[in-house]
Amino acid sequence: MDYRAMSTVGNIVLTGATGVLGGRLLQEVLCATDAQVYCVVRAENPDAARRRIEDVLFCYDEQQTLKDETWRIVPVLGDVSQPRLGLSEDSYDELVGSIDLVLHCAANVSLVASYNKIAPVNVGGVANMVEFCLQGKIPLLFTSSFSMVGDKLYHDGFVLKECDLDVGQGFEDMDYERSKFEAERLIHAAGQRGLDWVIVRPGNIWGDSVTGCYPLKQTKVKGIYYEMLKSLVETGMTFPSNEDFDISPVDYVAKAALNAVMNLHVTNRRTFNLTQPNPITYDDIVAAVRGHGYTVREEPTQRYFEAVQEGRLMRGGKPYRSTFTDLMSVFYDGSDYKEHARYDTTEITALLADTGIRCAASDQTLLSRYLDYAVKVGFLPPPSAQRPLAEISDTAMGGGYMESLYDANLSETAQPA
Ligand SMILES: NC(=O)c1ccc[n+]([C@@H]2O[C@H](COP(=O)([O-])OP(=O)(O)OC[C@H]3O[C@@H](n4cnc5c(N)ncnc54)[C@H](OP(=O)(O)O)[C@@H]3O)[C@@H](O)[C@H]2O)c1
């Protein structure tokens, strides 16, 4: 195939269309191509699948400008972790035979789930998509993550180049990171068997930089960053941290990823870091939340985390827990490790030079857009209704939930009181 003709691509398989990135990628594909998009979705029936796909699509496309294009969406009831994606042999072969490009976004993105739970989707699912692509000689876009950097994250001065893969990283802390690294390795190996591929590594995916939209209500895992905003607003309390904090707007990630795979004649078998070129710090995010009108008081780090872990962070007379405080508690061990790795974006910047596609700066304007959207959809109260705030009590009221978190689905953990 002459990949310079990719903008006229006929049929695309998209996985993860009911998720944060896949939904925005679907919007981009419908806007930028004439393709039919076969969305592999776990659902009871095609109608339910279509409803879930359109729910996320129209979260991003609020004006429903793509309403007349939805006929190009073809729900395929499947599961990427199953052999042949859970399809019958005939359906599988028919699908393989009619597809020109695969965009693979489906994953288990839980940062606390164990390897046994994650690997069937994040590694096994990639292996299944690789076989699909090899059988049909179809190019594959794989969505990895900047977290494949593993524990190099904490090495001050370490820079992950886009061509890097095995940089001696370890994965003691998080099986999700390991799964993304292993999936990348698997794809490189499949290149030896003739697979044409592009890997993209997004940073922390936040909402659309133009509209602020983010599927807070439509996706199962709301996104730890929005949970962070929620905890900041609900408790009005935080801890100091000058750790780097990546904000990669979903529109940038979707556009850059699609552009990369649509230019396969120059991008084949290359990897691109789709991270924020100028990361800010956690403290900067807190400052932006304050700048938007919310009260956020700072407590010493140890005092804050001990209070959370011991159930002494009280709000409205009850111990406060949220996905964010649960997750932070799991990772807080009193050590002084800081996330300071950097991600080189030279190659993606060069690729996008003439396209007008840019990663929006993570400044007050962008964060205010995200906060306004979260208020608009009822995820956060407006600054004027930020009550009650949390207090730290001297008396322990609860806790003991740490072990249960390790195999938890984040969406199933307790929501803020
Ligand atoms: N979010 C981030 O900040 C971030 C950062 C870096 C990289 N990434 C990567 O970007 C990709 C998309 O992430 P996301 O944030 O969009 O995640 P998400 O919102 O949790 O969406 C995950 C998608 O995968 C689907 N899925 C999960 N298991 C599946 C299975 N066995 N078969 C078929 N579909 C399955 C989910 O379907 P259901 O709706 O049915 O569950 C959902 O559509 C992932 O590869 C992730 O690792 C994300």
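Before moving on, here are some points about what is shown:
- Rounded FRET efficiency, nearest 0.05, which uses the C-beta distance separating Phe158 from Gln192 and R0 of 25 Å: 0.35
- Highest-first packing order for the peptide set 193-204, 73-84 is 193-204, 73-84, based on the mean count of other beta carbon atoms within 10 Å.
- Average accessible area per residue (Å²) across the chain - probe 1.4 Å, nucleic acids and ligands excluded: 41 Å²
- Inter-centroid distance (Cα atoms) of region 260-333 relative to region 89-126, Å: 28 Å
- Region 173-299: relative contact order as a whole-number percent, Cα under 8 Å and 6+ apart: 37 percent
- Counting charges near Val198 (Lys, Arg +1; Asp, Glu -1) among other residues having Cβ under 12 Å from its Cβ returns a value of -1.
- Spin-label pair Glu391/Ala48, simplified geometry with 7 Å Cα→Cβ offset, distance in nm: 4.7 nm
- Charge-dipole axis of the chain as Lys and Arg at +1 and Asp and Glu at -1 on Cβ define it, positive-most pick from Leu21, Pro120, Gly317: Gly317
- Rounded if a/c under 1.5, otherwise prolate or oblate - region 209-315, Cα gyration tensor axes: prolate
- Working from label points 7 Å from Cα in the Cα-to-Cβ sense, the Val266 to Asp34 distance is 2.5 nm.
- Each stretch of four or more DSSP H residues adds -39500 (n - 2.57); spread over every residue of the chain, this sum gives -11000 deg cm²/dmol at 222 nm.
- Cleavage-rule hits (trypsin sites (Lys or Arg not before Pro)) in region 125-170: DSSP loop, at most 16 neighbouring Cβ within 10 angstrom: Lys137, Lys161
- The chain, accessible surface, carbon-and-sulfur percent (1.4 angstrom probe): 47 percent
- Shape of region 2-148, Cα gyration tensor, a/c cut at 1.5: rounded
- Angle between the chain longest axis and helix 224-235 axis [Cα atoms, degrees, rounded to 10]: 20 degrees
- Lys67 paired with Leu134, simple spin-label distance in nm, labels 7 Å along Cα-to-beta-carbon: 4.6 nm
- Cβ-placed point charges (K, R +1; D, E -1), dipole of the chain about Cα centre in debye, nearest 20: 640 debye
- Cross-link table Lys117/Lys338; Lys230/Lys255; Lys180/Lys255; Lys161/Lys255, entries beyond 24 Å C-alpha to C-alpha: Lys117/Lys338; Lys230/Lys255
- Based on Cα contacts under 8 Å between residues 6+ apart, region 31-90 shows a relative contact order of 48 percent.
- Rel. contact order, % - alpha carbon contacts under 8 angstrom, at least six apart, the chain: 19 percent
- Build a GNM of the chain with springs between Cα atoms under 10 Å apart, and of Pro249, Pro383, Pro279 the one that fluctuates most is Pro383.
- Dividing the Cα radius of gyration of region 148-200 by 2.2 N^0.38 Å, with N the residue count, gives 1.21.
The values are calculated or read from the model by the stated rules, or taken from the named source; none is laboratory data. A quick note: this is a predicted structure, and the numbers were derived from the prediction, not measured. Positions of Cβ are generated from backbone atoms using ideal geometry, with glycine treated the same way; all protein chains shown enter the neighbour counts. For the accessible areas, the whole protein counts, side chains as well, though only heavy atoms, and no ligand, DNA or RNA atoms are used. Shrake-Rupley method; radii C 1.70, N 1.55, O 1.52, S 1.80 Å.
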